[in-house]
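The values are calculated or read from the model by the stated rules, or taken from the named source; none is laboratory data. All figures in this text were calculated on a predicted structure; none of them were measured in a lab. No Cβ is skipped: glycine too gets one built from the backbone with ideal geometry, and neighbour counts run over all protein chains shown.
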């Protein structure tokens with residue numbers, strides 16, 4: 001009897017653990033389920049002209065890339081286009097993007113044996129888990145959207161995507177007349193932000209997202225504010241004037257979700273670029289020109305150029321804590337995510353909030369009863385910030401982290417990927433990265449700026465496109481490059497600091513060993529002998 | 001003496017074997033599913049806990065490395081402390097209030113009325129947990145949530161709180177979810193326990209003048225102890241395994257204030273691709289649950 005009980009206990013416990021795993025696997029997969037659209041409205045532009053397929057050549061493999069030639073692949077290319085996914089209009093989304101459908105149809109006309117199959121039923125909230133599961137099972141779609149930081153970081157294992165660098169550096173894009181090297185079609189200041197430790201490039205990137213302060217023009221007028229603030233001193237003045245009129249000046253998403261975490265990394269760029277810009281030569285030990293590879297960031301932490309215990313590293317936290325005086329009293333809440341803050345703005349509970357260029361569409365849909373505008377977030381200034389330098393970080397508030405980020409899962413992640421299919425996927429990526437198609441697709445959505453060289457931006461966004469030629473610096477202090485483990489700890493510690501639970505010194509003590517561990521991991525995983533770059 | 005009809009119908013050995021075969025065949029699909037989706041994943045998880053595995057490439061055996069890391073991991077200990085606090089609070093409310101509900105329904109005169117109340121109290125069980133969590137997310141919203149709006153409405157501004165954003169309040173807020181905690185499995189358990197009390201015992205108690213609260217303490221509680229034990233162990237297991245509530249409601253925040261081992265395991269596996277470490281966390285939880293189950297069963301055996 002006793003033995004039977006023992007067995008029962010063991011079985012019961014096994015079932016419990018199993019059910020726990022089952023619970024984890026079930027996850028939260030609220031499906032946004034975009035449906036396939038048959039619409040093919042040409043949004044004022046037409047897709048790129050016929051390809052020149054005179055190059056000939058064999059179908060390539062990752063080790064020995066060859067120029068694109070006649071495609072031998074026949075069949076579907078399954079493709080997830082994220083925000084650009086062509087969908088049917090709905091009440092909530094009356095004007096969805098359709099341009100990708102138009103481009104796909106033009107491509108299919110050129111290659112009648114290939115069909116671009118926009119995949120549906122992709123989970124919105126837990127996309128990375130979904131894709132990782134697909135990759136693990138070898139069932140990933142042929143071309144997918146993925147954030148570059150997730151590809152260079154820990155989220156997706158290195159090797160789960162095809163390294164596109166060798167193809168992009170050695171092949172022309174046959175759909176662009178006169179192009180000899182595909183990679184030349186991309187702004188190198190943006191490409192610098194995408195390269196992995198060994199120079200790998202896991203995606204083609206064709207859009208730029210900018211972040212800014214969105215403000216209620218009516219409230220500004222009521223408070224007698226006639227000019228938008230350009231520095232922190234002016235920004236605080238604006239906050240005070242709004243407060244005097246009984247308004248809560250602004251809010252920043254501080255929820256416990258990926259979106260809120262992202263926002264802090266966006267804001268961090270403004271400060272880290274300015275604080276460490278003058279040290280760029282010391283940081284870019286491997287020769288990067290405008291931003292650092294993950295390996296250079298890791299070396300910077302090993303060398304102490306980035307030092308969490310250095311008061312400069314977490315100084316901007318202190319600055320933002322002072323700003324909480326102008327935020328709602330419950331500024332710190334797990335539910336205070338981007339959507340909640342947007343609602344507060346639309347309902348006129350706050351006068352300003354921090355958001356990205358994608359907010360324009362959200363705000364148009366919300367149709368607020370007031371006029372709204374956007375202005376760039378103030379940058380650190382030497383008169384009020386002891387660590388500020390003269391380096392401009394204005395351009396670092398945007399980046400190639402939007403929706404036009406497409407990667408090809410490797411054969412391990414997509415068992416259906418043959419050499420022929422890989423060639424077809426590369427060809428499809430080349431087709432969508434012509435200036436014409438890139439402009440058509442990105443401008444159709446209206447949230448971002450197309451970045452393929454020669455692309456045209458929507459009216460009002462031309463300045464952003466022009467700024468990409470400046471090759472401005474962008475430093476993020478390792479918040480993105482050290483991986484999600486470090487970012488998670490960084491963000492939670494930041495929350496605890498804002499909530500008065502720990503001091504800045506305690507925060508530094510907690511984060512320093514984690515930064516060290518993350519740096520060691522990046523160096524080990526890269527397989528590069530970095531001894532020559534390390535301080536003795 | 002005539003042969004009894006029962007003896008005449010005694011099954012032959014062939015018939016008996018057929019019956020066993022039938023039983024095995026009927027049970028087989030269940031066992032296949034159970035082994036495939038419950039035992040195998042659990043057993044393989046223990047194996048993976050000794051590896052470094054990203055869920056994509058082949059796992060690499062690292063011996064006890066994950067466990068050594070776990071012992072020194074302050075986040076794990078913090079999450080354990082959080083889940084213990086949450087468990088204690090949750091278990092107290094999940095025992096007391098369903099029992100009170102069961103006593104109230106049991107005291108209702110008239111079987112039909114009892115049936116109505118019982119149905120009403122078990123009806124919320126059909127609401128999916130995710131819906132409940134979303135509702136509570138709205139209730140706790142500091143700006144427009146039901147709770148703060150209620151307090152503001154009745155002039156108790158001092159009670160308005162940032163329920164999920166305040167370090168000191170987030171665990172109590174998680175415990176409070178499900179208020180008034182009456183409905184559900186525990187209510188049915190206690191109600192069934194009360195129904196099992198022999199009618200003559202209750203009758204004698206009534207004749208002896210033992211009614212109301214005295215009956216509850218002198219008769220009902222002692223005779224439903226086994227239900228309490230079962231509810232207790234199920235409560236511990238449920239809370240230790242609860243990933244969904246903190247995942248959807250707080251993300252473990254603010255900071256690490258509602259971080260629990262189940263959530264840590266989820267993030268390690270699906271956000272950070274550390275499946276080896278995640279399974280080590282799961283295995284430690286398995287051992288903890290196993291120990292608690294053994295302790296509970298020993299106590300029950302002693303009582304028996």
Could you list all residues from segment A:229-279 that are outside any helix (DSSP H, G or I), in contact with a helix residue (DSSP H, G or I) (Cβ under 8 Å, 6 or more places away or on another chain) and more than 14 Å from chain B (Cβ to nearest Cβ)?
A:229, A:245, A:247, A:249, A:250
Collect the residues in segment B:112-155 that are more than 14 Å from chain A (Cβ to nearest Cβ), part of a helix (DSSP H, G or I) and over 20 Å from residue B:98 (Cβ atoms), keeping them in residue-number order.
B:112, B:150, B:153
Which residues, taken from segment A:362-386, are within 14 Å of residue A:228 (Cβ to Cβ) and surrounded by fewer than 15 Cβ atoms within 10 Å (Cβ to Cβ)?
A:371, A:373
Within segment A:418-442, the residues that are surrounded by 20 or more Cβ atoms within 10 Å (Cβ to Cβ) and in a loop (DSSP other than H, G, I, E, B) are A:433, A:434
List every residue pair whose Cβ atoms sit under 6 Å apart, with the two residues 6 or more apart in sequence or on different chains, where the first one lies in segment B:31-54 and is facing chain A (nearest Cβ under 8 Å) and on the phi < 0 side of the Ramachandran plot and the second, anywhere, is surrounded by fewer than 16 Cβ atoms within 10 Å (Cβ to Cβ) and assigned to a helix (DSSP H, G or I).
B:38/A:15
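Residue-wise test of (1) in contact with a strand residue (DSSP E or B) (Cβ under 6 Å, 6 or more places away or on another chain); (2) closer than 18 Å to residue A:316 by Cβ.
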{"site": "A:337", "(1), (2)": "no, no"}
{"site": "A:353", "(1), (2)": "yes, no"}
{"site": "A:357", "(1), (2)": "yes, no"}
{"site": "A:371", "(1), (2)": "no, no"}
{"site": "A:378", "(1), (2)": "yes, yes"}
{"site": "A:397", "(1), (2)": "yes, yes"}
On the basis of being surrounded by fewer than 24 Cβ atoms within 10 Å (Cβ to Cβ) and touching a helix residue (DSSP H, G or I) at 6+ places or on another chain (Cβ under 8 Å), does residue A:407 make the cut?
no
Select from segment A:466-507 the residues that are surrounded by fewer than 18 Cβ atoms within 10 Å (Cβ to Cβ) and at positive phi and list them in ascending order.
A:471, A:500
Please work out which residue is nearest to the other protein chains (Cβ to nearest Cβ), limiting yourself to segment A:489-536 and to residues that are more than 28 Å from the chain's Cα centre (by Cα) and within 21 Å of residue B:267 (Cβ to Cβ).
A:501
Is it the case that some residue within segment A:454-465 is assigned to a helix (DSSP H, G or I), at pLDDT 95 or above, crowded, with 18+ Cβ neighbours inside 10 Å and more than 13 Å from chain B (Cβ to nearest Cβ)?
no
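Quick check on my filter: what residues within segment A:474-488 are assigned to a helix (DSSP H, G or I) and either in contact with a strand residue (DSSP E or B) (Cβ under 7 Å, 6 or more places away or on another chain) or within 8 Å of chain B (Cβ to nearest Cβ) (or both)?
Of segment A:474-488, the ones assigned to a helix (DSSP H, G or I) are A:484-488.
Residues satisfying the conditions are A:484, A:485, A:488.
If only one of B:292, B:232, B:223 is at pLDDT 90 or above and more than 28 Å from residue B:58 (Cα to Cα), which one is it? It would help to see each step written out before you state the result.
Details: B:292 fails: at pLDDT 90 or above; B:232 fails: at pLDDT 90 or above.
The unique qualifying residue is B:223.
Residues that are within 14 Å of chain A (Cβ to nearest Cβ) and under 18 Å from the mean Cα position of the chain (by Cα): list the helices (runs of 4 or more DSSP H) wholly contained in segment B:169-262 that include at least 2 such residues. Show your work before the answer.
Working: elements: B:170-176, B:185-195, B:199-207, B:212-215, B:225-241, B:244-249.
Once the helices (runs of 4 or more DSSP H) in segment B:169-262 are filtered for at least 2 residues that are within 14 Å of chain A (Cβ to nearest Cβ) and under 18 Å from the mean Cα position of the chain (by Cα), what remains is B:170-176, B:225-241, B:244-249.
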Among the residues of segment A:304-313, is any within 14 Å of chain B (Cβ to nearest Cβ), surrounded by fewer than 21 Cβ atoms within 10 Å (Cβ to Cβ), under 28 Å from residue A:235 (Cβ atoms) and out of contact with any strand residue (DSSP E or B) (no Cβ under 9 Å at 6 or more places or on another chain)?
no
Among the residues of segment A:91-140, the number that are in contact with a helix residue (DSSP H, G or I) (Cβ under 7 Å, 6 or more places away or on another chain), under 28 Å from residue B:275 (Cβ atoms) and in a strand (DSSP E or B) is 1
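Can you confirm whether residue A:499 is under 21 Å from residue A:316 (Cβ atoms) and at pLDDT below 95?
Values: under 21 Å from residue A:316 (Cβ atoms): yes; at pLDDT below 95: yes.
The answer is yes for residue A:499.
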Conditions: (1) out of contact with any helix residue (DSSP H, G or I) (no Cβ under 9 Å at 6 or more places or on another chain); (2) within 14 Å of chain B (Cβ to nearest Cβ); (3) assigned to a helix (DSSP H, G or I). Residue A:339 meets all but one. Number of the miss?
(1)
Among residues of segment A:319-339 being closer than 16 Å to residue B:144 by Cα and surrounded by fewer than 22 Cβ atoms within 10 Å (Cβ to Cβ), the residue farthest from the chain's Cα centre (by Cα) is A:329
With criteria (1) surrounded by fewer than 21 Cβ atoms within 10 Å (Cβ to Cβ); (2) in contact with a helix residue (DSSP H, G or I) (Cβ under 7 Å, 6 or more places away or on another chain), residue B:291 comes up short on (2)
Filter segment A:343-363 for residues that are out of contact with any helix residue (DSSP H, G or I) (no Cβ under 6 Å at 6 or more places or on another chain) and within 14 Å of another protein chain (Cβ to nearest Cβ); which is farthest from residue A:377 (Cα to Cα)?
A:347
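This table checks each residue for (1) within 14 Å of chain B (Cβ to nearest Cβ); (2) surrounded by 23 or more Cβ atoms within 10 Å (Cβ to Cβ); (3) touching a residue at least 12 places away in the same chain (Cβ under 8 Å); (4) touching a strand residue (DSSP E or B) at 6+ places or on another chain (Cβ under 7 Å).
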site: A:138; (1), (2), (3), (4): yes, no, yes, yes
site: A:143; (1), (2), (3), (4): no, yes, yes, yes
site: A:148; (1), (2), (3), (4): no, no, yes, yes
site: A:155; (1), (2), (3), (4): yes, no, yes, no
site: A:166; (1), (2), (3), (4): no, no, yes, no
site: A:175; (1), (2), (3), (4): no, yes, yes, no
site: A:191; (1), (2), (3), (4): no, no, yes, no
site: A:194; (1), (2), (3), (4): no, yes, yes, yes
Residues that are surrounded by fewer than 19 Cβ atoms within 10 Å (Cβ to Cβ) and at pLDDT below 85, drawn from segment A:340-357:
none
Tally the residues that are at the interface with chain A (Cβ under 7 Å from one of its Cβ atoms) and assigned to a loop (DSSP other than H, G, I, E, B), restricting the search to segment B:263-290.
3
